[in-house]
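Colleague: Please see the structure below; I have some questions.
Taken together, the values in this text are just the output of simple stated rules run on the coordinates, not laboratory data. Nothing here was measured: the structure is a model prediction, and the numbers come from that model. Cβ sites come from the backbone with ideal geometry, for glycine too, and all protein chains shown count toward neighbours.
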Amino acid sequence: MKKNLTLSQWLIEKTDGEAYRAGKLSGESSEKSSEKAYVTKHPKVDQQIINQIGSLTKLISQAREMEKDAQLSGFIRFDWRDMGNDIRAIHYSVEIIPLLCDREGIEDPRKRQQRHIKTVGELLQEASQSEADWLKSYYRFLLTRLEQGKLVKEMDDEAWFACLNAIGRLHCPTWKRVFSARVFRDSKRFQTSYEDRVVKVLREYSDMPDKDVMTNEQILKAYGIISYTQTLECKGTVLCRTDTGQTFDTGDFPYGAVLNSQTMEHAKPVNIAKIRRIMTIENKANYENMSYKEDTLYIYCHGFFSPKEVEFLRELTVLAAENVEFLHWGDMDYGGIRIFLFNKDKIFPGLKPYKMDCESFVAAVTLNAGRTLEAEKRKKLEQMNAGELEELRSSILEYGMEIEQEMLV
């Protein structure tokens with residue numbers, strides 16, 4: 001059962017809106033007076049108010065007490081009717097709200113808003129010392145909303161800001177569970193309570209060009225939070241050397257080698273003399289179907305490569321002979337085009353598409369391997385510069401279909 005309000009509590013709730021929280025219900029001081037002019041409100045008394053207070057008798061009793069209150073004199077009056085047995089309306093200045101809040105043990109909504117504004121201002125100042133532009137943008141957004149008098153539910157969660165600030169300060173990859181333990185003293189709390197919210201902020205306020213097609217894991221990885229499943233898979237002969245001088249050859253594993261995050265951090269390719277073709281493959285089934293060839297290096301792409309993977313793979317470009325061919329085979333859809341462009345721009349400048357031309361697309365559609373293009377993706381395709389895949393982009397728009405690699409296995 002919902003607890004009844006006192007008349008003071010009802011007046012506080014009635015006043016607690018964006019205008020009051022933003023300080024817009026008091027005007028500037030006039031030349032004749034140094035005091036501010038406060039807005040007066042005139043709510044009519046109806047059955048809803050009576051129900052919230054508890055009864056008409058309770059409302060009348062509390063109203064009479066307020067009329068006798070010297071501190072409220074001149075700031076509130078009641079429009080009585082029926083010989084003082086009913087109230088038509090209440091006329092009050094919002095100037096009394098801080099006093100009523102004090103008496104009820106409630107923080108004045110305006111003071112609370114000012115406290116939140118100060119807090120976010122300090123957070124923004126702290127973030128300004130870092131390179132986390134996404135964090136600064138997010139705090140500016142919150143500050144604007146608070147200054148407009150809007151409620152910001154995040155302000156009641158100090159751990160939320162501790163989490164964001166910790167991400168903004170990350171300078172090296174950190175395991176997700178370790179990060180959570182450091183910030184929350186609970187290794188699982190980040191994943192269970194904050195991960196989705198953090199990813200949403202990173203998607204909206206980061207400047208990553210491919211954030212709209214990246215998975216949650218890829219976005220977190222880009223900002224330094226890694227999971228234990230992040231690995232680089234390849235088939236082919238690449239001689240690598242660790243920072244301790246040890247060497248290993250991925251060619252010793254013809255069915256595929258898997259390099260974990262630490263290996264990529266502490267080792268780099270040093271020789272690919274036998275390789276004449278390097279192919280990144282977006283989807284796992286297609287990658288697994290490729291048989292080992294001594295002169296070919298197949299790399300499972302899984303989407304967008306992380307910064308650590310990008311750094312590791314760039315070494316291949318340095319080592320590659322002039323006649324090495326760089327290819328990418330991916331989905332013939334919006335995401336596939338973006339991944340190709342990302343790999344070409346960030347890793348392999350000479351990258352060429354493989355089986356991603358107009359002819360391959362039409363053949364796949366003919367085999368009924370396509371799926372209907374979503375309206376939102378159509379808009380994005382219409383606006384994008386597809387570079388070498390412009391013909392593919394046009395075909396997707398023309399047919400209203402897109403193709404996933406797995407459909408062609």
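Colleague: What is the calculated FRET efficiency for Glu376 to Gln71, with r their C-beta to C-beta distance and R₀ = 41 Å, to the nearest 0.05?
Modeller: Computed FRET efficiency for Glu376 and Gln71 comes out at 0.10.
Colleague: Computed on alpha carbon atoms, what radius of gyration and Dmax characterise the stretch 289-365, expressed in Å?
Modeller: Computed over the Cα atoms of the stretch 289-365, radius of gyration and Dmax are 13.1, 39 Å.
Colleague: Could you list which residues have their amide H under 5 Å from that of Tyr38, counting only those 5 or more apart in sequence or on another chain, with H placed in the peptide plane?
Modeller: Here Gly27 satisfy the definition.
Colleague: List every residue whose amide H lies under 5 Å from the amide H of Phe326, counting only residues 5 or more places away in sequence or on a different chain, with H placed 1.01 Å from N in the peptide plane.
Modeller: Excluding prolines and chain starts, which carry no amide H, the hits are Ile278, Lys352.
Colleague: Restricting to the chain, what percent of DSSP beta bridges are antiparallel, rounded to 5?
Modeller: Antiparallel bridges: around 65 percent, rounded to the nearest 5.
Colleague: Next question. Between their Cα atoms, which of Lys235/Lys344; Lys58/Lys150; Lys200/Lys308; Lys235/Lys308; Lys2/Lys24 are more than 29 Å away from each other?
Modeller: Lys58/Lys150; Lys2/Lys24
Colleague: Taking only the alpha-carbon atoms of the stretch 110-225, what semi-axes of the equivalent ellipsoid follow from 5 times the gyration tensor eigenvalues under a square root, in whole Å, largest first?
Modeller: Ellipsoid semi-axes (Å, largest first): 24, 16, 13.
Colleague: In degrees between 0 and 90, to the nearest 10, how far off the longest principal axis of the chain does helix 334-346 point, with axes built from Cα atoms?
Modeller: 70
Colleague: Longer than 27 Å from Cα to Cα, which of Lys118/Lys380; Lys3/Lys118; Lys211/Lys379 are they? Say none if no pair is.
Modeller: Lys118/Lys380; Lys3/Lys118
Colleague: Relative contact order (percent) for the stretch 230-408, with alpha-carbon contacts under 8 angstrom and 6 or more residues of separation?
Modeller: Averaging sequence separation for qualifying contacts and normalising by length gives 20 percent for the stretch 230-408.
Colleague: Here's something else I'd like to know. Return one number: the angle in degrees, 0 to 90 and rounded to the nearest 10, between the long axis of the Cα atoms of helix 133-147 and the longest principal axis of the Cα atoms of the chain.
Modeller: 20
Colleague: Name the residues whose placed amide hydrogens come within less than 5 Å of the amide hydrogen of Ile347, ignoring near sequence neighbours (fewer than 5 apart) on the same chain.
Modeller: Hits under the 5 Å cutoff: none.
Colleague: Using only alpha-carbon positions, what ratio does the radius of gyration of the stretch 188-281 give when scaled by 2.2 N^0.38 Å?
Modeller: 1.37
Colleague: Using the alpha-carbon atoms, what tilt in degrees (0 to 90, nearest 10) does helix 307-319 show relative to the longest principal axis of the chain?
Modeller: Tilt relative to the chain: about 30 degrees.
Colleague: A further question on this structure: Can you give the FRET efficiency to the nearest 0.05 for Asp82 and Lys118, using r as the Cβ-Cβ distance and R₀ = 45 Å?
Modeller: That pair, Asp82 with Lys118, gives E of 0.40.
Colleague: Rounded to whole Å and ordered largest first, report the semi-axes of the equivalent ellipsoid of the stretch 230-408 derived from its Cα gyration tensor (root of 5λ).
Modeller: 32, 16, 14
Colleague: While we're looking at this one, here's another question. Compare the Cα positions of His171, Ser187, Tyr223 along the charge dipole of the stretch 110-225 (+1 at Cβ of Lys, Arg; -1 at Cβ of Asp, Glu; about the Cα centre) and return the one farthest towards the positive end.
Modeller: Looking along the dipole axis, the top candidate is Ser187.
Colleague: Also, I was wondering about something else. Can you give the alpha-carbon Rg of the stretch 7-106 over 2.2 N^0.38 Å, where N counts its residues?
Modeller: Taking the Cα Rg and dividing by 2.2 N^0.38 Å, one obtains 1.13.
Colleague: Which whole-angstrom value gives the distance between the alpha carbon centres of the stretch 331-409 and the stretch 256-302?
Modeller: If we compute the Cα centre of each part, the gap is 23 Å.
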